[in-house]
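What follows is a short report on a single structure.
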Amino acid sequence: MASKTALRLTVPAAALALVLSACSGSAPSDDATQADLETAAAAADPEDTIEAREDNFKAIAKSMKAVKGQLDSDSPDFAVISENAAEMAANAKKVPDFFPAGTGPDSGEDTEALATIWERPEEFQAAAAKLITATDNLNTAAGAQDLAAVKTAFGEAGMACKGCHDEFRMKKKD
Ligand code: HEC
């Protein structure tokens, strides 16, 4: 993790250079606020964004597995389903924001995101919207303790994962 720390430390300098060059040689004005610097830092560090979105997907997968565990049991625990469905729904809503330009395969970072995400942004957003809808439905069904509706929404969520991965994620090497 040492290299990661080093990278983090260099980011503010890189961000400052970006902001300064944007001023095309003139002295940095007061307009270059902390917020500007932070925006530049985020854009300058695709690695952090990629890592955060992978963690978010891992969390979604973990919640999904927990729900599946309950659905496979003889007496599903709605408290566990609800807790995980709520987390899935919250994390699903973050997905669209985790794919800013510059965080694809040409970033040079380790990512399974395909360039198709930025080539067909409307389709990608629609694929993300399906996951958001399905996980919201799952959350609602879990709250209502409606097992049939939970199963339906769980199936929809699974289809949403597959639908997006088929088009927008690198195929797993076998
Ligand atoms: C809108 C598109 C989309 C949807 C919907 C989606 N994924 Fe993904 N998923 C991706 C992309 C793109 C990646 C690759 C991210 C990267 O490597 O930068 C990914 C990566 C992953 C990963 C690997 C994370 C890692 O450690 O690298 C897991 C696990 C995962 N998704 C699970 C799921 C599950 C489970 C669902 C459904 C509940 C789901 N995804 C729904 C697009 C999607």
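The values are calculated or read from the model by the stated rules, or taken from the named source; none is laboratory data. Owing to the predicted nature of the structure, the values given are computational and were not obtained by experimental measurement. Neighbour counts run over all protein chains shown; Cβ positions are idealised from the backbone, glycine included. Just so you know, the surface numbers come from the protein's heavy atoms only, side chains and all, with ligands and any DNA or RNA stripped out. Shrake-Rupley method; radii C 1.70, N 1.55, O 1.52, S 1.80 Å.
Quick notes on this structure:
- Check on ALA85, without any contact (Cβ under 8 Å) to a residue 12 or more places away in the chain and among the aliphatic types (A, V, I, L, M): no
- Considering the conditions (1) touching a residue at least 40 places away in the same chain (Cβ under 8 Å); (2) under 28 Å from GLN70 (Cα atoms); (3) open to solvent by less than 70 Å² (accessible area, probe 1.4 Å), GLN145 is excluded by exactly one of them, (3).
- Criterion: modelled with pLDDT of 95 or more, of a type outside the set (Gly, Ala, Ser) and more than 17 Å from LEU131 (Cβ to Cβ) - qualifying residue of ASP97, ASP72, ASP55, ASP45: ASP72
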